[in-house]
Amino acid sequence: MFRLRRASRCTAVIFLAAALPAILPAQQHITSPKEFFGHDIGADYMLPNYTKLHEYFIKVSKESDRVKLDTIGLTSEGRPQIMAIVTSPANMKHLARYKEISRKLALADGVDSVEAHKLAKEGKMVFWIDGGLHATEVLGAQQLIEIFWQLSSFTDDETKRILDDCIILVVHANPDGMEQVSDWYMKEPDKLKRTFSTIPRLYNKYAGHDDNRDSFMNALQETTNMSRQMFIEWHPQIMYNHHQTGPTGTIMAAPPYRDPANYNFHPAIITGLDLVGAALNHRFVLENKPGLTFRAGSNYSTWWNGGLRTTAYFHNMIGILTETIGSPTPMRVSLVPDRQLRSAGLPLPVAPQEWHFRQSIDYSVTSNRALLDLASKYREQFLMDRWRMGTDAILAGMHDNWTISPKRVAAMTAQIEKDRTATASPENAGGRRGGTRATTGSSVANDRYMALLKKPEDRDARAYIIPSTQPDFPTAQSLCRRSRSPVCKCSARRRRSRQTARRIPPTHG
Ligand SMILES: [Zn+2]
């Protein structure tokens with residue numbers, strides 16, 4: 001009996017040892033936000049700062065084989081600005097290859113359709129999620145912690161599929177601001193007295209709220225760090241820029257955006273926004289999360305060409321902005337009578353109610369997941385779309401093109417009206433006596449009017465010439481470097497601008 005019992009134990013130990021490698025990954029423990037911070041993300045009156053967020057990201061990156069934590073540069077106040085790369089362990093082994101595929105398809109240079117299809121089949125969707133850009137919009141940075149944890153640890157089918165198909169870049173947009181705003185809010189021991197309203201200084205050292213007006217010139221350290229990842233390193237196909245707050249009487253302003261549509265970039269950006277916007281709004285309705293509004297329901301359009309989201313459009317990225325309500329101090333959803341009625345831009349109105357921060361976190365998770373789900377399902381399509389837009393941009397540079405603006409349409413309309421008036425004048429009364437009648441129904445007239453939209457002198461520029469003889473040549477050099485101009489022939493210019501270069505030392509060799 002004794003011998004038998006010993007033998008059984010021995011067998012059990014051997015069995016467990018053999019099974020251990022298979023069991024371990026499923027049992028791998030990833031520290032949850034509640035374990036680390038002592039409360040759930042979005043708990044009432046609680047707001048972790050950047051130092052704690054950074055510590056948490058480091059901890060999870062050591063625990064999860066789905067995470068690689070990068071520092072993309074320093075902030076204006078010298079903090080490390082982090083970007084977590086989250087994907088499946090299998091993808092993690094080939095990050096360099098996937099980055100290269102993303103770059104090749106985005107730039108499209110020398111990549112024909114056959115190669116593009118091969119690359120798109122092999123490649124992974126690169127999906128950017130940032131948070132915290134506007135630091136008093138505290139939801140952005142807090143939701144980043146939640147989605148980072150979920151993607152790093154959840155084992156449901158959707159999460160695993162997303163991780164197989166996507167490389168997700170989880171980026172903190174303004175660490176200094178989060179540190180300042182969270183510390184300010186939490187400094188008051190009485191939670192009922194916690195507030196953002198008295199914050200004494202800008203939440204970006206130099207630009208405050210205008211840190212989202214810098215992406216076209218990269219004057220701020222934080223913008224430069226992010227632009228490098230977006231436009232030189234990773235070339236994400238979709239970028240998602242979280243903001244706060246939603247229009248009164250709703251919870252979230254979402255894509256697609258209202259008119260006027262920006263006519264300065266590829267039209268597939270506009271239709272791409274329709275595509276991702278539909279997926280996002282549809283998921284909210286099916287999860288019975290009311291209060292999303294889009295198109296004419298909010299102020300946001302595809303204009304303002306210098307923001308983090310909108311600059312991405314000029315690089316053929318689908319850029320998402322959402323504006324969501326929420327505060328760690330519980331608040332109320334206001335009553336706006338018109339917004340109790342369903343409309344094309346508000347399919348599921350929300351009733352006035354008390355609103356807790358955790359609900360805003362849940363909304364952010366749903367929106368992230370809606371887009372990641374779509375990115376996963378249409379991975380190859382999004383990669384091919386990016387190549388198509390890049391190819392079209394290259395082709396556009398080989399031919400004459402005209403960007404049709406309201407000003408040019410107004411000029412054409414004025415000409416049509418002028419011709420109509422002339423046709424209707426007394427000397428023309430009783431019938432046409434020569435000349436072409438100004439009717440837009442006539443193909444001859446239409447050709448003439450369309451020609452007004454395409455005057456040779458109004459063609460889009462194919463290149464810009466920056467004269468080397470200008471007085472402030474070092475600044476011109478700086479511009480060329482920032483635009484990564486391929487025609488930056490420094491030696492010739494240096495010769496011609498020797499005198500200027502002696503007065504102001506050049507900023508690079
Ligand atoms: Zn904002």
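Taken over the range 217-235, the criterion of being under 22 Å from Leu74 (Cβ atoms), part of a loop (DSSP other than H, G, I, E, B) and away from the ligand (no atom under 16 Å from the Cβ) is satisfied by Met217, Asn218, Ala219.
The set of residues in the range 375-398 that are in a helix (DSSP H, G or I), open to solvent by 20 Å² or more (accessible area, probe 1.4 Å), of a type outside the set (Asp, Glu) and in contact with a strand residue (DSSP E or B) (Cβ under 9 Å, 6 or more places away or on another chain) contains only Arg379.
Could you list, in sequence order, all residues of the range 26-48 that are outside any helix (DSSP H, G or I) and open to solvent by 30 Å² or more (accessible area, probe 1.4 Å)? Even if it seems obvious, please write down each step before you answer.
So the first thing to find is which residues in the range 26-48 are outside any helix (DSSP H, G or I), and the list is 28-32, 38-48.
Passing the criteria: Gln28, His29, Gly38, Asp40, Asp44, Tyr45, Met46.
Please indicate, with yes or no, whether at least one residue in the range 188-196 is open to solvent by less than 10 Å² (accessible area, probe 1.4 Å) and either away from the ligand (no atom under 16 Å from the Cβ) or not charged (D, E, K, R) (or both). No; the residues of the range 188-196 include none that is open to solvent by less than 10 Å² (accessible area, probe 1.4 Å) and either away from the ligand (no atom under 16 Å from the Cβ) or not charged (D, E, K, R) (or both). Kindly check whether there is at least one residue in the range 166-180 that is closer than 30 Å to Ala90 by Cα and either open to solvent by 30 Å² or more (accessible area, probe 1.4 Å) or among the small types (Gly, Ala, Ser) (or both). The answer is yes; a qualifying residue exists. If only residues of the range 109-119 that are assigned to a helix (DSSP H, G or I) and either in contact with an Asp or Glu (Cβ under 6 Å, 6 or more places away or on another chain) or open to solvent by 50 Å² or more (accessible area, probe 1.4 Å) (or both) are counted, the one that is farthest from the ligand (Cβ to nearest atom) is Val114.
In this structure, Phe284 does not satisfy being away from the ligand (no atom under 16 Å from the Cβ), in a loop (DSSP other than H, G, I, E, B), modelled with pLDDT of 95 or more and among the aromatic types (Phe, Trp, Tyr).
Of all residues in the range 120-139, exactly one satisfies the criterion of being away from the ligand (no atom under 12 Å from the Cβ), open to solvent by less than 10 Å² (accessible area, probe 1.4 Å) and in a helix (DSSP H, G or I), namely Ala120.
Of the residues making up the range 197-216, those that are within 16 Å of the ligand (Cβ to nearest atom) and of a type outside the set (A, V, I, L, M, F, W, C) number 10.
Among the residues of the range 140-154, is there at least one that is open to solvent by less than 40 Å² (accessible area, probe 1.4 Å), within 16 Å of the ligand (Cβ to nearest atom), in a strand (DSSP E or B) and in contact with a Gly (Cβ under 7 Å, 6 or more places away or on another chain)? Among the residues of the range 140-154, not one is open to solvent by less than 40 Å² (accessible area, probe 1.4 Å), within 16 Å of the ligand (Cβ to nearest atom), in a strand (DSSP E or B) and in contact with a Gly (Cβ under 7 Å, 6 or more places away or on another chain), which makes the answer no. Scanning the range 247-260 for residues that are open to solvent by 10 Å² or more (accessible area, probe 1.4 Å) and either among the hydrophobic types (A, V, I, L, M, F, W, C) or part of a loop (DSSP other than H, G, I, E, B) (or both), we see that the one that is nearest to the ligand (Cβ to nearest atom) is Pro247.
Assigned to a loop (DSSP other than H, G, I, E, B) and either within 16 Å of the ligand (Cβ to nearest atom) or not hydrophobic (A, V, I, L, M, F, W, C) (or both): does that describe Tyr263?
yes
Check the range 277-292 and report whether any residue there is open to solvent by less than 10 Å² (accessible area, probe 1.4 Å), assigned by TED's automatic domain parsing to the domain that holds Leu371, of a type outside the set (Asp, Glu) and under 22 Å from Leu107 (Cα atoms). Among the residues of the range 277-292, not one is open to solvent by less than 10 Å² (accessible area, probe 1.4 Å), assigned by TED's automatic domain parsing to the domain that holds Leu371, of a type outside the set (Asp, Glu) and under 22 Å from Leu107 (Cα atoms), which makes the answer no.
Among the residues making up the range 318-345, those that are away from the ligand (no atom under 16 Å from the Cβ) and not in a loop (DSSP other than H, G, I, E, B) are Ile318, Met331, Arg332, Val333, Pro337, Asp338, Arg339, Gln340, Ser343. Taken together, the residues in the range 196-216 that are within 15 Å of Glu179 (Cα to Cα) and either not in a helix (DSSP H, G or I) or not assigned by TED's automatic domain parsing to the domain that holds Ala106 (or both) amount to 8.
The values are calculated or read from the model by the stated rules, or taken from the named source; none is laboratory data. These numbers come from a predicted model, not from an experiment. Ideal geometry is used to build each Cβ from the backbone, glycine not excepted, and the neighbour counts take in all protein chains shown. SASA here: full protein model, heavy atoms, side chains in, ligands and nucleic acids out. Shrake-Rupley method; radii C 1.70, N 1.55, O 1.52, S 1.80 Å.
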